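Okay, so here's the structure we're looking at.
The values are calculated or read from the model by the stated rules, or taken from the named source; none is laboratory data. If you're wondering where the values come from, they're calculated on a predicted model, not measured in any experiment. Here the Cβ positions follow ideal geometry from the backbone for every residue, glycine too, while neighbour counts run over all protein chains shown. The accessibility values were calculated without ligands, DNA or RNA, using every heavy atom of the protein model including side chains. Shrake-Rupley method; radii C 1.70, N 1.55, O 1.52, S 1.80 Å.
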Amino acid sequence: MNPLPKKQSGATLMVALMMLLILTLVGLAAVRSTTQQLRMSANTQNQADAFQSADGIIRKVMAEVRGQVTPPPYVPAGSNLLIDAISAPQLRCHPNPASAPAECAADPATGTTRSSTISYAGQYASPGSSLGVGSGGLVAHRFRIDAMGRGASGASSLQEQGMERIGPGA
């Protein structure tokens, strides 16, 4: 049996504690970085949900204008979205989820809400038309669709879409 040396300086213990401290700091930095990346990816996802919600309502309004889908149930029967928009902006999907029609309520999967307004932006001579605006000929009627998508976390996306419809002048 070997006797233990009388004087030990404890250098091995100090090195082990320093290594443990360094590894702890590296671990904390990794956790902080991961948490920040998780928050950034969640914000990106929420913004994408809001954007897609606003884009979806624009597509829905455009399909309604083209006659590809029936108007929502809260729209009076026989109304024409574009003709109605000439006299007053037409709201589709109220922005307040508590008073919104069922189809405009928050999406249960993502928590997003959406709304849009279509408004008349004037008329001008139809491109390539030799029939003037004032002569009762064809004109291009301009409409503007403003859509708002709002994510569950408060992220929002406001989009604007223009469209024109050729028709008789006023």
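Number of residues in segment 55-67 that are touching a residue at least 24 places away in the same chain (Cβ under 8 Å) and small (Gly, Ala, Ser): the value is 1. Pairing residues of segment 27-54 that are modelled with pLDDT of 95 or more with residues that are not in a helix (DSSP H, G or I), at Cβ distances under 9 Å and at least 6 apart in sequence or on separate chains, gives no pairs at all.
Being part of a helix (DSSP H, G or I), hydrophobic (A, V, I, L, M, F, W, C), surrounded by 15 or more Cβ atoms within 10 Å (Cβ to Cβ) and modelled with pLDDT of 80 or more is a property that ILE118 lacks. Among the residues of this structure, MET19 does not count as one that is at pLDDT 85 or above, open to solvent by 70 Å² or more (accessible area, probe 1.4 Å), of a type in the set (A, V, I, L, M) and within 19 Å of the chain's Cα centre (by Cα). Does at least one position in segment 133-147 carry a residue that is open to solvent by less than 50 Å² (accessible area, probe 1.4 Å), of a type outside the set (Ser, Thr, Tyr), touching a helix residue (DSSP H, G or I) at 6+ places or on another chain (Cβ under 8 Å) and at pLDDT below 75? The answer is no; no qualifying residue exists.
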